[in-house]
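See below for the structure under consideration.
Every number in this text was worked out from the coordinates using simple rules, so none of it is lab data. Here the structure is a predicted model, which is why all the values come from computation and not from measurement. Cβ placement follows ideal geometry from the backbone for every residue including glycine, while neighbour counts extend to all protein chains displayed.
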Amino acid sequence: MRLFGLIGYPLSHSFSKKYFTEKFTKERIADAAYELFELQDINAFPQLLASQPQLRGLNVTIPHKVNVIPFLGRVEEAATRIGAVNVIKVLSNGQTIGYNSDYFGFQDSLINWFTQLHGEAGREKLFKLKALILGSGGASKAVRTALDDLGIVNHIVSREAANGLTYDQLDASTMAQYPLVINSTPLGMSPHTEAFPPFPYHLAGPNHYFYDLVYNPVETVFMQKGRAQGAATLNGLPMLHLQAEKSWEIWNS
Ligand SMILES: NC(=O)c1ccc[n+]([C@@H]2O[C@H](COP(=O)([O-])OP(=O)(O)OC[C@H]3O[C@@H](n4cnc5c(N)ncnc54)[C@H](OP(=O)(O)O)[C@@H]3O)[C@@H](O)[C@H]2O)c1
């Protein structure tokens with residue numbers, strides 16, 4: 001039996017456990033199980049590995065995406081640049097390697113979206129766009145690194161001037177130059193579905209693309225406001241599924 005699981009604290013609502021348990025049943029993967037490992041203190045991580053010799057892979061969530069890094073044998077290059085790990089591969093000799101699957105999930109979902117919207121020309125169209133990333137937290141860092149690696153010029157928009165542009169600096173000229181807008185803040189996530197980033201929506205138009213990393217609800221207020229201006233919109237569900245599948249690929253590679 002190969003064991004997989006999620007570390008974080010607290011772990012009340014886990015997408016991953018449901019996703020992988022259903023996947024193992026649906027795809028008749030009989031030799032795998034997925035469990036939650038609530039870890040309040042990351043110093044307990046080596047003990048967890050020692051006590052679970054069948055462990056072959058972990059997902060990592062808040063608050064351990066950064067502080068697990070010193071405990072890993074190696075961290076893959078993109079995850080090192082992002083400074084956060086959300087997938088760990090555990091080799092049979094106990095060696096550990098850290099990855100960031102949000103990076104891959106975001107890149108793949110973005111390219112798929114543009115291909116769906118514009119066919120084969122979608123990729124080229126996307127690579128010419130400039131992007132604004134709302135928020136400067138962990139997800140924002142993965143998005144930024146993914147965009148950098150696609151050659152897409154981007155800027156962070158933050159409440160703090162020290163982190164990038166501030167929301168009140170976004171004028172008509174900036175909005176026209178940056179058609180791709182990515183919400184990397186938690187604003188709008190259930191149960192606070194009425195919240196949305198303080199963005200100048202009235203300056204958006206049909207040339208804009210509003211991508212929300214929030215995956216619940218299916219259509220956030222951020223997306224509704226973009227759609228009302230004629231912008232194309234996408235929510236975070238495709239990314240969520242792609243990053244989970246990337247974990248599986250990493251654990252089985
Ligand atoms: N779809 C997926 O697969 C996927 C993957 C990862 C994350 N996510 C989602 O992405 C969102 C962000 O995740 P995260 O871990 O980066 O979250 P986070 O660290 O809690 O927050 C990200 C940033 O959002 C901004 N922010 C927070 N509260 C705000 C407020 N009240 N008003 C304005 N800005 C605010 C802050 O940036 P400033 O201080 O710079 O303003 C903060 O650094 C979450 O909803 C998460 O569920 C989705």
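Out of LYS65, LYS130, LYS18, any idea which swings most in a Gaussian network model of the chain, alpha carbons joined below 10 Å?
Among LYS65, LYS130, LYS18, the largest GNM mean-square fluctuation belongs to LYS18.
Report the residue, chosen from ALA172, ALA146, ALA231, that carries the largest GNM mean-square fluctuation when the chain is represented by alpha-carbon nodes joined by springs under 10 Å.
Comparing ALA172, ALA146, ALA231 in a Gaussian network model of the chain, the most mobile one is ALA172.
What Kirkwood hydrodynamic radius, in Å, does the chain give when the mean of 1/r is taken over all pairs of distinct Cα atoms and then inverted? Could the numbers behind the result be given before it?
Working: mean 1/r = 0.0522 Å⁻¹.
Every distinct Cα pair counted, the radius reaches 19.1 Å.
Jot down the per residue volume, in cubic angstrom and as a whole number, of the convex hull over the alpha-carbon atoms of the range 188-237.
On the way: hull volume 2.9 nm³, N = 50.
It is 57 Å³ per residue.
For ARG81, ARG74, ARG123, which order do you get if you count the other beta carbons within 10 Å of each Cβ and list the fewest first?
Working: ARG81 17, ARG74 11, ARG123 14.
Exposure proxy ranking, most exposed first: ARG74, ARG123, ARG81.
Under a crude label model (7 Å from the Cα following the beta-carbon direction), how far is MET1 from SER253 in nanometres?
The modelled label-to-label distance comes out at 2.8 nm.
R0 = 30 Å: FRET efficiency of GLU22 with GLU194, Cβ-based, nearest 0.05?
On the way: r = 30 Å, r/R0 = 1.01.
So, using R0 = 30 Å, E works out to roughly 0.50.
Report, to one decimal in Å, the Kirkwood hydrodynamic radius for the range 2-99 based on all distinct Cα pairs.
Mean inverse Cα-Cα distance, inverted, gives 13.7 Å.
Among residues other than MET239 whose Cβ falls under 14 Å from its Cβ, what is the net charge (Lys/Arg +1, Asp/Glu -1)?
Result for the local shell: -3.
Once you compute Rg and the Kirkwood Rh from C-alpha atoms, what is the Rg to Rh ratio for the range 103-239?
Values: Rg = 13.6 Å, Rh = 14.7 Å.
Value, to two decimals: 0.92.
When GLU160, GLU35 are ordered from fewest to most other Cβ atoms inside 10 Å of their Cβ, what list results?
Working: GLU160 9, GLU35 14.
Least crowded to most crowded, the residues run GLU160, GLU35.
So what is the calculated 222 nm ellipticity per residue for the chain, using -39500 (n - 2.57) for each DSSP H run with n of 4 or more, over all residues, to the nearest 500 deg cm²/dmol? Provide the component values of the computation, followed by the final result.
Working: 9 runs with 91 residues, N = 253.
It lands at -10500 deg cm²/dmol.
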